[in-house]
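Reviewing the structure listed below.
No value in this document is a laboratory result; all are computed from the given coordinates. Please read all numbers here as calculations on a predicted model, not as lab measurements. As a convention, Cβ positions derive from the backbone with ideal geometry for all residues, glycine included, and neighbour counts pool all protein chains shown.
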Amino acid sequence: LKELTEGIQRAELELQQLDIQEKRVMQENGPANADDPTPQEIQRLHAIQQHFGQERQKRADYRAQALAQKEQTEKLKIGSEIVQGTLERQVDVKVGDDMRELMNVEVLVEDDKIIAIRG
């Protein structure tokens, strides 16, 4: 939960920073004559807006995903197991080994310590 909360806060801060940066960049790249901008100036401003819009959307998507994950995590009971991800590993194999047994292994981690390996 702590990691999710920090990620959400970081995304919100980045969204605020993007807004500030966009305003600054738009002012710096504004048309020389605001009443009659050239087509190149208009195109440049649209490109800047599009870039910042894409970056803003990335942060907003991450924030929404993290909020949903946080909500699901808050519903869990103490001691519940959650899938954190998939890891690759190297394994020594020999003729006759059961491949299915080698491939289907779970590692149970609690407080960053391995507490069980399940086959």
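Among Ile48, Ile20, Ile78, the largest mean-square fluctuation in a Gaussian network model of the chain (Cα springs under 10 Å) belongs to Ile78. With N the number of residues in the range 78-119, Rg(Cα) / (2.2 N^0.38 Å) evaluates to 1.40. The radius of gyration of the Cα set in the range 2-74, together with its Dmax, comes out at 16.7, 55 angstrom.
3J(HN,Hα) couplings calculated from phi for the range 29-41 with the Karplus curve 6.51 cos²θ - 1.76 cosθ + 1.60 (θ = phi - 60°) are, in sequence order, 10, x, x, 4, 10, 4, 7, 9, x, 7, x, 5, 5 Hz; Gly and Pro show x. For the range 1-95, the set of trypsin sites (Lys or Arg not before Pro) satisfying both a DSSP loop assignment and a count of at most 14 other C-beta atoms within 10 Å is given as Lys75, Lys77, Arg89, Lys94. Using only side-chain charges placed at the Cβ, +1 for Lys and Arg and -1 for Asp and Glu, the dipole size of the range 2-74 relative to its Cα centre rounds to 180 debye.
GNM on the chain, C-alpha springs below 10 Å: top fluctuator among Leu76, Leu102, Leu45? For the chain, modelled as a Gaussian network with Cα springs under 10 Å, the answer is Leu102.
Residues considered: Asp61, Asp19, Asp98. Largest GNM mean-square fluctuation over the chain, using C-alpha springs under 10 Å, is found at Asp98.
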